[in-house]
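The structure under discussion appears below in the form of structure tokens.
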């Protein structure tokens with residue numbers, strides 16, 4: 001009898017949680033403000049690209065991304081264009097793409113997929129300002 005009460009309580013709690021989850025809509029997706037990268041890029045692909053930038057420049061996310069207006073949250077506003085570094089990164093992406101297309105368009109892997117010869121790492125090599133000493 002005791003197990004039956006516990007089981008009933010657990011099932012009731014689960015039903016209540018499911019009901020609450022069904023009534024509360026999910027959070028709307030956060031704006032991405034993508035101007036160079038594809039609009040349909042997945043979150044995982046975007047993280048991979050951003051990790052590549054961090055590695056190539058030896059920086060953290062806040063190098064290009066401004067903090068949210070709500071200073072108590074300590075989160076970054078990834079859609080904001082408040083920091084000039086973000087637009088510089090966009091220009092650098094265009095420049096690298098142009099160089100790769102003009103001079104390395106033949107550079108493909110075994111599956112015929114284009115492989116960039118010039119990347120952020122080509123010049124930056126872990127330094128946010130190429131040509132300067134660490």
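The values are calculated or read from the model by the stated rules, or taken from the named source; none is laboratory data. All of these numbers come straight from a predicted model, not from anything done at the bench. Reconstructed Cβ throughout: ideal geometry from the backbone, glycine too, with neighbour counts over all protein chains shown.
With respect to being touching a strand residue (DSSP E or B) at 6+ places or on another chain (Cβ under 9 Å) and either without any contact (Cβ under 8 Å) to a residue 12 or more places away in the chain or closer than 29 Å to residue 125 by Cβ (or both), residue 81 fits the description. Restricting the first member to segment 13-24 and to residues that are on the phi > 0 side of the Ramachandran plot and touching a residue at least 40 places away in the same chain (Cβ under 8 Å), and the second to residues that are assigned to a helix (DSSP H, G or I) and surrounded by 10 or more Cβ atoms within 10 Å (Cβ to Cβ), no beta-carbon pair is closer than 8 Å while six or more apart or on different chains. Could you check, for segment 104-120, whether at least one of its residues is in contact (Cβ under 8 Å) with a residue 40 or more places away in the chain and either within 21 Å of the chain's Cα centre (by Cα) or loosely packed, with under 15 Cβ neighbours inside 10 Å (or both)? Looking through segment 104-120, at least one residue is in contact (Cβ under 8 Å) with a residue 40 or more places away in the chain and either within 21 Å of the chain's Cα centre (by Cα) or loosely packed, with under 15 Cβ neighbours inside 10 Å (or both). In segment 20-75, the qualifying residues are those that are assigned to a helix (DSSP H, G or I) and modelled with pLDDT under 90, and the one that is nearest to residue 125 (Cα to Cα) is 21.
Would a scan of segment 29-39 turn up a residue that is in contact (Cβ under 8 Å) with a residue 24 or more places away in the chain and surrounded by fewer than 11 Cβ atoms within 10 Å (Cβ to Cβ)? Yes - at least one qualifying residue is present in segment 29-39.
A count restricted to segment 52-96 and to residues that are on the phi > 0 side of the Ramachandran plot and surrounded by 13 or more Cβ atoms within 10 Å (Cβ to Cβ) stands at 1.
Between 86, 94, the distinction of being part of a helix (DSSP H, G or I) and free of Cβ contacts under 8 Å to residues at least 40 places away in the same chain belongs to 86 only.
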